[in-house]
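Undergrad: Here it is, the structure in full.
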Amino acid sequence: MSLYGVMRTGVSGMNAQSNKLSTVSDNIANVNTVGYKRASTEFSSLILKSGSGNYDSGAVETTVRYAITDRGNLQFTTSATDLAVQGNGFFVVRDANGNNFLTRAGSFVPDSTGNLVNTAGFQLMGYNIQNGAAPNVAANGFGNLQVINVNQMALQASASTKATVAANLAPSATNLTAPAGPANYTSKTSMVTYDNIGNAVTLDVYMAQTATDTWDIQVYQGGSLLAPTGPSTTFTFDTTAAGKGALAAASTKSLSFNVPSAGGSTYPFTIDLSAMTQVASSFDFKATVDGNAPSAVDKVSIDSKGVVTAVLKNGTQLPSFQVALATVPSPDHLTPEVGNVYSPNLDSGNVQVGLAGQGGLGTIQSGALEDSNVDLANELTSMIEAQRGFTANSKSFQTGADLLDVVVNLKR
């Protein structure tokens with residue numbers, strides 16, 4: 001046995017216990033860090049080959065593990081952009097240099113430019129689904145991802161092109177001989193449309209029953225008749241037992257015309273009246289019109305699938321982005337980086353990107369954050385263990401040094 005070996009083993013033990021104390025300190029410091037994953041120090045022995053008559057003390061080495069797959073408790077908040085993953089998966093985030101990382105820290109808020117960023121400054125990534133586009137997912141990488149920006153979700157003006165109508169015309173109305181108009185109508189209603197720059201344009205719809213089961217419908221704007229571009233303004237109803245008051249098969253089903261717009265231009269507009277009926281009930285007219293005026297974002301909502309919807313000040317709901325989730329075959333082997341994020345490596349396996357609720361990925365909880373998975377009581381216990389272990393190893397080192405002094409003093 002070598003006394004120097006005893007001292008080296010003692011130093012190795014003190015170093016190992018110092019590593020354990022370091023992970024404990026890190027865990028305690030981050031006990032309230034959103035999405036933080038506990039680090040732990042694992043010990044393994046390093047044995048030296050010894051002869052039959054002596055024993056050469058070895059050493060101890062340490063490996064740091066991260067409990068990334070251990071989920072923390074959910075803490076509910078009042079912010080719709082605070083996000084937590086319920087189940088497997090990580091948020092995909094990007095730093096200022098354009099590098100992508102994975103994280104469970106979902107405390108996102110809009111920055112000065114409207115990008116959703118967490119407390120470490122990482123930007124949340126997702127897929128653009130504006131105008132009804134489907135998410136263009138690249139399953140084996142970060143392709144097609146964009147920074148989610150709530151300022152881009154403000155609605156731009158778009159001209160109205162179509163109104164879908166559910167209406168009933170009263171069969172008890174008096175027959176009129178002239179075409180429908182401001183001075184001659186049985187029923188009248190109005191609908192609001194939007195021109196090319198978002199100005200509201202009111203269209204007045206006049207209806208006149210000109211014969212049994214036959215109606216004339218005309219549209220005016222500002223007192224001026226909008227000339228129809230379709231074949232007819234006459235609508236006939238089938239009131240037989242088979243027809244049940246719906247429009248006759250040979251009847252006109254829609255009205256099309258050009259509406260004057262700003263700058264002297266016009267925009268084409270069609271009223272779909274195919275669902276209109278004439279049954280024994282009072283007049284009723286409901287219209288759903290496309291197009292919109294420009295509007296600012298009032299608030300943002302995010303559903304369990306990660307669809308980010310802008311709720312505008314005019315009440316319009318505009319789905320604009322879908323949050324991406326990612327995973328790797330072995331999450332506990334991910335490499336921790338500054339800012340409570342992780343990067344993949346050879347041990348973790350390649351990144352697989354997808355959408356919440358699909359392909360084994362969890363769902364997204366809006367208005368919630370995932371707490372750290374650190375148990376403070378366990379960490380304090382580990383701290384005492386590390387302290388005792390360090391002290392014991394220092395005694396081993398001190399004893400070896402004392403014995404070495406005895407050997408040196410033999411010469412005196």
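The numbers here are math on the coordinates, done by the rules we state, and not lab data. Just so it is clear, the model here is predicted, and its values are computed rather than measured. Positions of Cβ are generated from backbone atoms using ideal geometry, with glycine treated the same way; all protein chains shown enter the neighbour counts.
Undergrad: For Ala163, which sequence-distant residues (separation of 5 or more, or a different chain) have an amide H within less than 5 Å of its own amide H, given hydrogens modelled in the peptide plane?
TA: Thr270, Ile271, Asp272
Undergrad: Taking H placed 1.01 Å from N in the peptide plane, check which residues at least 5 places from Tyr36 or on another chain put their amide H under 5 Å from its amide H.
TA: Residues meeting the criterion, in which the H sits 1.01 Å from N, are Ser372, Asn373.
Undergrad: Which of the aspartates and glutamates could a cross-linker bridge to Lys188, judged by Cα under 18 Å and excluding same-chain residues fewer than eight apart?
TA: Asp204, Asp213, Asp216, Asp272, Asp284
Undergrad: Further question on the same structure: Between beta-carbons, use under 13 Å as the cut-off and find the net charge around Phe122, counting Lys and Arg +1, Asp and Glu -1.
TA: My count for the surroundings of Phe122 gives -1.
Undergrad: Also, quick follow-up: Expressed as cubic angstrom per residue, what is the convex hull volume of the alpha carbon set of the stretch 1-127? Working shown, then result.
TA: Working: hull volume 21.2 nm³, N = 127.
Per-residue hull volume (Cα only) is 167 Å³.
Undergrad: Shifting gears a bit: Would you mind counting up the charge near Leu247? Only other residues with Cβ under 15 Å from its Cβ, with Lys and Arg at +1 and Asp and Glu at -1.
TA: So the surrounding residues net to -2.
Undergrad: For the stretch 162-289, what's the relative contact order in percent, using C-alpha pairs closer than 8 Å and at least 6 residues apart?
TA: Values: 309 pairs, mean separation 43.5, N = 128.
Relative contact order comes out at 34 percent.
Undergrad: Can you work out the base-10 log of I(q)/I(0) for the stretch 162-289 at q = 0.13, 0.17, 0.19 1/Å, using the Debye formula on its C-alpha atoms alone?
TA: -0.50, -0.84, -1.04
Undergrad: Another question, then. Restricting things to alpha carbons, find the Rg to Rh ratio for the chain using the Kirkwood radius for Rh.
TA: Ratio of gyration radius to Kirkwood radius: 1.32.
Undergrad: Mind putting a number on the dipole of the chain about its Cα centre? Charges go on the C-beta only, +1 for Lys and Arg and -1 for Asp and Glu, and I need it in Debye to the nearest 20. It would help to have the intermediate numbers written out before the result.
TA: Values: 21 positive and 28 negative charges, 103 e Å.
Computed about the Cα centre, the dipole is about 500 debye.
Undergrad: What ranking do Lys244, Lys188 get, fewest neighbouring Cβ atoms within 10 angstrom at the top?
TA: Lys244, Lys188
Undergrad: Ok, one more. Report, in degrees rounded to the nearest 10, the 0 to 90 angle that the Cα long axis of helix 3-29 makes with the longest principal axis of the chain.
TA: On a 0 to 90 degree scale, this one is about 20.
Undergrad: Taking the highest mean first, how do the peptides 206-218, 70-82 order by number of other beta carbon atoms within 10 angstrom per residue?
TA: 206-218, 70-82
Undergrad: Please sort by residue number the chymotrypsin sites (Phe, Trp or Tyr not before Pro) in the stretch 260-342 whose DSSP state is loop and whose Cβ has at most 16 other Cβ atoms within 10 Å.
TA: Phe283
Undergrad: Could you derive backbone 3J(HN,Hα) for the stretch 296-307 from the dihedral phi with the Karplus parameters 6.51, -1.76 and 1.60 (θ = phi - 60°), listing whole Hz in sequence and x where the residue is Gly or Pro?
TA: Going residue by residue, I get 7, 6, 8, 7, 10, 10, 9, 8, 5, 8, x, 6 Hz, with x marking Gly and Pro.
Undergrad: Among Thr277, Thr234, rank each residue by its count of other Cβ atoms within 10 Å, from fewest to most, as a rough exposure measure.
TA: Thr234, Thr277
Undergrad: In addition: If the cut-off is a Cα-Cα distance under 17 Å, which lysines reach Lys253, setting aside same-chain residues fewer than 8 apart in sequence?
TA: Output for Lys253: Lys162, Lys244, Lys286.
Undergrad: Ignoring everything except DSSP H segments at least 4 long, calculate the 222 nm mean residue ellipticity for the chain; use -39,500 (n - 2.57) per segment, divide by total residues, nearest 500.
TA: The helix-only estimate for the chain comes to -5500 deg cm²/dmol at 222 nm.
Undergrad: Using the alpha-carbon atoms, what tilt in degrees (0 to 90, nearest 10) does helix 376-409 show relative to the longest principal axis of the chain?
TA: Tilt relative to the chain: about 20 degrees.
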